[in-house]
Amino acid sequence: MLGMARTRLEDSRLENLSLEGRFTSAYNAAHAASLAALRWHGYRSENRFTVFQCLVHTLNWPPSRWRVLDTAHHKRNLAEYEGFLEIEESTVAEMCDLLPGLIDDVQRLINSAP
C-alpha cells in the first residue's frame, strides 16, 4: 500500500495532469497510506473516511493534520456522488505537502514492528 501511496503522490505532482487528476492521485495516495496504518494496527474499515479520522489513533496525528485529508474526502464524495467537483490548486498543494510526512510516519510504524 505504501508503494501505491508513493506512486500516487508522484502522479499528483505531474504538471501535465489535470487538476482533477492530480487531486484524485493525491487523495488516493492519502487513502492508501492511511489504510496501511489502520491495517498495521489490525483493523479494517468499510468506510473510506474512517481511515482519515483514525489517524489520531493510528499515527497520533493532531486534528489539524488529519482534517485536511477528511476535507479532501468530502470533496471527493461530492465529485463521485453528486458530480460537483470544485478543487483549488491550493487543496492539491496542501495535500502534497502533507503526504510525504504521512507516508514517512506509516513507514516508521511498519519499521517499528518487532
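The values are calculated or read from the model by the stated rules, or taken from the named source; none is laboratory data. Since the structure is predicted, the reported quantities are computational estimates derived from the model, not experimental observations. Cβ atoms come from the backbone with ideal geometry, glycine included; neighbour counts cover every protein chain shown.
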Exercise for the section: For region 25-35, indicate whether the set of residues that are at pLDDT below 90 and polar (S, T, N, Q) is non-empty. Expected result: no
Exercise for the section: Answer yes or no as to whether R67 is surrounded by fewer than 17 Cβ atoms within 10 Å (Cβ to Cβ), at pLDDT 95 or above, in a helix (DSSP H, G or I) and not acidic (D, E). Expected result: no
Handout entry: Options A79, A93; residue that is within 22 Å of R13 (Cβ to Cβ) and either among the acidic types (D, E) or free of Cβ contacts under 8 Å to residues at least 24 places away in the same chain (or both)
Key = A93
Handout entry: Close pairs (8 angstrom Cβ cut-off, 6 or more residues apart or separate chains): free of Cβ contacts under 8 Å to residues at least 60 places away in the same chain in region 34-45, in a helix (DSSP H, G or I) and loosely packed, with under 15 Cβ neighbours inside 10 Å anywhere
Key = H41/H57
Practice task
Take the residues in region 45-64 that are of a type in the set (S, T, N, Q) and within 16 Å of L98 (Cβ to Cβ), then tell me which one is surrounded by the fewest Cβ atoms within 10 Å (Cβ to Cβ).
Solution key: S64
Handout entry: Test: residue in region 84-91 that is surrounded by fewer than 13 Cβ atoms within 10 Å (Cβ to Cβ), in a helix (DSSP H, G or I), more than 15 Å from the chain's Cα centre (by Cα) and of a type in the set (F, W, Y)
Key = no
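Being more than 12 Å from the chain's Cα centre (by Cα) and surrounded by fewer than 17 Cβ atoms within 10 Å (Cβ to Cβ) narrows it down to one residue among G42, G101; which is it?
G42
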Handout entry: Candidates L38, L69, L9 - the one that is over 14 Å from L98 (Cβ atoms) and not charged (D, E, K, R)
Key = L38
Handout entry: L78 surrounded by 12 or more Cβ atoms within 10 Å (Cβ to Cβ), modelled with pLDDT under 90, over 12 Å from T24 (Cα atoms) and not basic (K, R)
Key = yes
Exercise for the section: Report whether or not R22 is in contact (Cβ under 8 Å) with a residue 60 or more places away in the chain and in a helix (DSSP H, G or I). Expected result: yes
